[in-house]
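Here's a structure for you.
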Amino acid sequence: MTKDSKSRNWQQEEGLVIGMDLGDKESQLCVLGADHEIRQEVRVRMTPPALEAWFAAVQPAMVVMEAGGHSPWASGLLEQMGHQVVVADPRRLRLISQSDKKNDVEDARMLARVAAAMPELLKVVKHRSAEAQRDLTVIRARARVVEARTKLWCSLRGLAKSLGRRLPRRVREETIRELTILEPLWKAVQDVSQRIKEYDQQIAALEKKYPEAVRLQQIAGVGPLISLTFVLTLDDPMRFHKSRQIGSYLGLRPKQRDSGESQPQLRITKAGDGYLRSLLIQGAQYILGRFGPDTDLKRWGLKLAAARKWNAPFPVSPSGGKPGRAGSPHAGEARCPPAKSADRHRAPAPPTRGLPPPCGSPASAARRA
């Protein structure tokens, strides 16, 4: 039977393999029979009704697709319809395919043929559950709204300076009335702040839904936002064989480029979820900073930082309090804070060039990387 045949007899065959190259508006499908011959090649609109209408007439088959923006909901929809769905890593597929041709038809054929002939070459990607994805969207949407408010505040203050006015730290309605041209922009900032409060209420409700996130908040510096993002991003922690794999999953593991006896210390990979990685770094900076309580975790972090000579997470002058002034020989340099009650446990290190020993956190090193 030819690949463009209008006969529907193939839809009732057993052992079908369907390669699905996902697109934003339409997806390319390639159907292989049990004899590895092409039964049909067709394009289907990337909407739930269109996919349901096409796959409902096909016997339960093996569907192979690349991991992408549409793969979470598309794979969940097809699994509910009884199909076996395999979500493959696109990087592994690029290594397998050495063809110069790069188009939707060739990609769909390659997916179907690899799944039918050599399924062991596919690196299966496991998506988080639909419920976890929906709850995580609340946190991601809040982050986008916070970014929008920050840009609006910067624009408001910058435009006020262009009019010869420097807005105070706390802008009140009486202050903004004098700048009538900027009043709509200030109202937009207030409206966005209200939307953030609404998302905060939803996040507070999610804490009751995930008790494991509440347990993580026992660590000083870990609040509802960090704990919920961590739990929802990992979703199923049992898929990690070792706890160290989570650091690699989040891109916190240093790169490796060994050559002979040379093993340079490289930057972190920055793979995985960048938003969660930034939240974890913020929490680490608080734990190892001057406001973090004296805990075993802080002692371990400071001991590790002193051994590897990381810089301090905050600039402090050698005399101890505020950062060095402009023109000072130590201005802008990161130095150790004075030995307060929470910092007396630090073991003094040998001085370097007459300056206080370096100290800091691995989080600051990861941030600079």
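Taking all protein chains in place and a 1.4 Å probe, what share, in percent, of the accessible surface of region 53-193 do carbon and sulfur account for?
Working: 4310 of 8450 Å².
Taking all protein chains in place, region 53-193 shows 51 percent carbon and sulfur surface.
Probe of 1.4 angstrom, ligands and nucleic acids ignored: what's the accessible area per residue over region 1-80, in square angstrom?
Solvent-accessible surface per residue comes out at 49 Å².
Any idea of the accessible area per residue across region 228-293, 1.4 Å probe, to the nearest Å²?
That works out to 64 Å² for each residue.
Here is a further query. Whole-Hz ³J(HN,Hα) for each residue in region 155-171, computed from phi via Karplus 6.51 cos²θ - 1.76 cosθ + 1.60 with θ = phi - 60°, x for glycine and proline: what do you get?
These are the phi-based 3J(HN,Hα) values: 5, 4, 5, x, 5, 5, 5, 5, 9, x, 10, 10, 6, x, 5, 10, 8 Hz.
Same structure, new question: Given 0.36 nm per residue, what is the gain on full extension from Glu120 to Arg157 after removing their alpha carbon distance, in nm?
7.5 nm is the gain from fully extending Glu120 to Arg157.
Just read off the accessible area of Lys303 with the full protein assembly in place, 1.4 Å probe, to the nearest 10 Å².
Its accessible surface works out to 150 Å², give or take rounding.
So how do Trp153, Trp10, Trp300, Trp73 rank on accessible area, 1.4 Å probe, biggest first, that is with the largest at the start?
The ordering from most to least exposed comes out as Trp300, Trp73, Trp153, Trp10.
What translational D, rounded to a whole number of µm²/s, comes out for region 109-255 from Stokes-Einstein when the hydrodynamic radius is the Kirkwood one over Cα pairs, at 10 °C and 1.306 mPa s?
Values: Rh = 19.4 Å.
Using the Kirkwood radius from Cα pairs, D works out to 82 µm²/s.
Next up: So if each residue of separation counts as 0.36 nm, and I subtract the Cα-Cα distance between Val138 and Glu13, what length gain in nm does that give?
40.7 nm
Compute the Rg/Rh shape ratio of region 8-73: radius of gyration over Kirkwood radius, all on alpha-carbon atoms.
We get a ratio of 0.95 for region 8-73.
Let a ≥ b ≥ c be the square roots of the eigenvalues of the Cα gyration tensor of region 205-300; is it rounded (a/c under 1.5), or, if not, prolate (a/b larger than b/c) or oblate? Each step should come with its number before you reach the end.
Values: a/c = 2.37, a/b = 1.45, b/c = 1.64.
Cα axes put region 205-300 in the oblate bin.
Can you give the accessible area per residue of region 119-223, in Å², using a 1.4 Å probe?
For region 119-223, the per-residue accessible area is 68 Å².
Moving on to the next point. Taking 37 °C and 0.692 mPa s as the conditions, I'd like the Stokes-Einstein D for region 43-136 in µm²/s, using the Kirkwood hydrodynamic radius from alpha carbon pairs. All intermediate terms of the calculation are to be shown ahead of the outcome.
Working: Rh = 14.2 Å.
D, rounded to a whole number, is 230 µm²/s.
The values are calculated or read from the model by the stated rules, or taken from the named source; none is laboratory data. These numbers come from a predicted model, not from an experiment. For the accessible areas, the whole protein counts, side chains as well, though only heavy atoms, and no ligand, DNA or RNA atoms are used. Shrake-Rupley method; radii C 1.70, N 1.55, O 1.52, S 1.80 Å.
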